[in-house]
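One structure below.
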Amino acid sequence: MKVAIVGTGITGLSIAYQLEKKGISSVLFDTAKKVGGVLNSSQFDGFLCEKGAHTLEIKTPEVQHFINEMNLTADTFEIPSKSNRYIVHKGQLQALPLSFCSFLKTPLFSIKAKLKLLTEPFVSAYKGSDDESLGHFVTRRLGKEFLDYAIDPFVAGVYAGDPFKLSVKQAFPKLHELEAQYGSLIKGGFLAKRKNGPRFKKRIISFRRGMHMLPEAIEKKLNSPIHLKTTLEAIEQKGDAWELTWNGQKEIFSHLIITVPAHKVKSLPWPQEISNKLSVFDQIEYAPIATVNLGFRQQDISGKLDGFGFLVPRKEKMNILGTLYPSTMLPNRAGKGHVLLTTFIGGSRFPEAPIMPQKAMINLVLSDLKKLFTIKGTPIFSSVKTYQKAIPQYNLGYDKILKGMQTIEDNIPGLHFAGNYRTGIAVGQCIHSAIKFASQFKA
């Protein structure tokens, strides 16, 4: 058995590695110059910037084992779980409560909102037959304040989406499952913990030279050929097998695994009869995002710069979605005496932001940061990376899209689709789903 994998992002690489462990050879293809997809780290003027995810959250022992096999222990940094995370509230940074006592004291929520949470176990489960939005779910169970100053900014940081468009069942399945199984989030969280016993201790990590060290490490582990800077010329179905053509070469594969982003699937050189069946991928909405990195001398910026960073609720009417503090979280992100801030702008709130001129975008970001920090002069470093199609939105009706993909696979033997548009958008989710996906193959 030989497998073709199109795409060398974290999903494609992880699948290839897992298949190789089972004795199944694969060949990988990508138009990019290097592996990793958006896990791409760059060094500029002493600042280490990420073009994609800054961290990896490890939620399962399977993902932890996978990371251990990459031999990156000496280059791994763990972010303390109790690091401050801030929310903008009435123009000020307020720490997100990390304990029950701090929750009682936080100014993020009124006494009325806090008391509302106590009634959550008595709220009836959703009776509708239609898909329920995250916004409706949270308002119904927890109240509007909790939506405005907890869930909405969290959604901005994860999906850059609209909580009233996102499907709670697809985007946040654990919340949906807790209500469906236990009738309450609070009761369900408590009972599930008792039922399942001690939980795996989650970790948030990154690497000394940035997140790109992970795909680099997987690449080094692989014996499989990787064809970079390669555009496929033809994909042909040969019975239950697949013939791929590139650079004048042809090869037959028993399985074809597509791991490119959903919005690129139809652009591959499919036969017309297969291309006609792929319209489901056009239905996936993406959020546009711009990442703005700004470097400062430490003496030129002051404020609440400890911890992970901050998120901005829609209600605060700012331009930005949130800001990470890479040089606070992790070593090697800025030189001594310097601070690096990474700010995100765009998403469903401000979709036109990523197409603005870079100078205008930087000025817009700075104007928001100056509302929260004391900043002297101008940044000594800046870089901008824009993605017109950054994050797939698991919106209402997404279950029909997923069923559509499954139908294509059921009707076309040997064709598979995998990626962050199918089983979760986080890096750890991509690795976990790749491990599970590869387990169905037998040498």
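Nothing in this text is a laboratory measurement; each read-out follows from the coordinates by a stated rule. Because the structure is predicted, anything quoted here is derived from the model rather than measured. Cβ sites come from the backbone with ideal geometry, for glycine too, and all protein chains shown count toward neighbours.
Shown for the chain is the translational diffusion coefficient from the Stokes-Einstein equation, using the Kirkwood radius over Cα pairs, a temperature of 25 °C and a viscosity of 0.890 mPa s: 105 µm²/s.
Per the Kirkwood definition applied to all pairs of different Cα atoms, how many angstroms is the hydrodynamic radius of region 295-443? Hydrodynamic radius (Kirkwood, Cα only) of region 295-443 equals 18.6 Å. Pairwise Cα separations in region 261-342 fall into 5 Å bins from 0 onward with the following percentages, short to long: 3, 11, 16, 14, 9, 9, 9, 8, 9, 7, 3, 2, 0.
Size of region 143-255 from its Cα atoms: along the principal axes, largest to smallest, the extents are 60, 40, 32 Å. The Cα trace of region 83-135 gives Rg and Dmax of 14.8, 41 Å, the first to one decimal, the second as a whole number.
What lysines sit close enough to K112 to cross-link, taking a C-alpha to C-alpha distance under 23 Å and skipping anything fewer than 8 places away on the same chain? Filter leaves K90, K144, K187, K315.
All Cα-Cα distances of region 98-196, cut into 5 Å bins from zero to the largest, leave 2, 13, 21, 24, 22, 14, 3, 0 percent in each bin in turn. Among residues other than Y325 with Cβ under 12 Å from its Cβ, the summed charge is +2 (Lys and Arg +1, Asp and Glu -1).
What is the sum of charges around G91, taking Lys and Arg as +1, Asp and Glu as -1, for the other residues whose C-beta is under 12 Å from the C-beta of G91? Overall, the nearby charge balance is +3.
For region 43-96, pairs of C-alpha atoms spaced more than 13 angstrom apart make up 76 percent of the total.
Taken one residue at a time, the phi angles of region 32-47 give Karplus couplings (6.51, -1.76, 1.60, θ = phi - 60°) of 6, 7, 8, 6, x, x, 7, 7, 9, 10, 9, 9, 9, 6, x, 10 Hz. Gly and Pro are set to x. Beta bridges from DSSP with both residues in the chain: antiparallel share about 75 percent, rounded to the nearest 5. Ignoring lysines fewer than eight residues from K51 along the same chain, the ones with Cα atoms less than 17 angstrom from its Cα are K33, K34, K385, K389.
Each peptide among 106-118, 54-66 gets the average number of other Cβ atoms lying within 10 Å of its residues, and from highest to lowest they stand as 54-66, 106-118. If the viscosity is 1.567 mPa s and the temperature 4 °C, what Stokes-Einstein diffusion coefficient in µm²/s follows for region 37-127 when Rh is the Kirkwood radius over Cα pairs? It comes out at roughly 73 µm²/s. Other residues lying with their Cβ under 11 Å from the Cβ of Y126 contribute a combined charge of 0, Lys and Arg counting +1, Asp and Glu -1.
Placing R0 at 35 angstrom, the Cβ-Cβ distance between E236 and E69 gives a FRET efficiency of 0.50 after rounding to 0.05. In the chain, helical runs assigned H by DSSP with n ≥ 4 each contribute -39500 (n - 2.57); averaged across all residues and rounded to the nearest 500, the mean residue ellipticity at 222 nm is -8500 deg cm²/dmol. Each peptide in 352-358, 273-279 receives the mean, over its residues, of other Cβ atoms within 10 Å, and ordering these scores from highest gives 352-358, 273-279. With the cut-off at 27 Å, tell me which of the pairs K82/K376; K2/K436; K201/K400 have Cα atoms farther apart than that. Pairs exceeding the cut-off: K82/K376; K201/K400.
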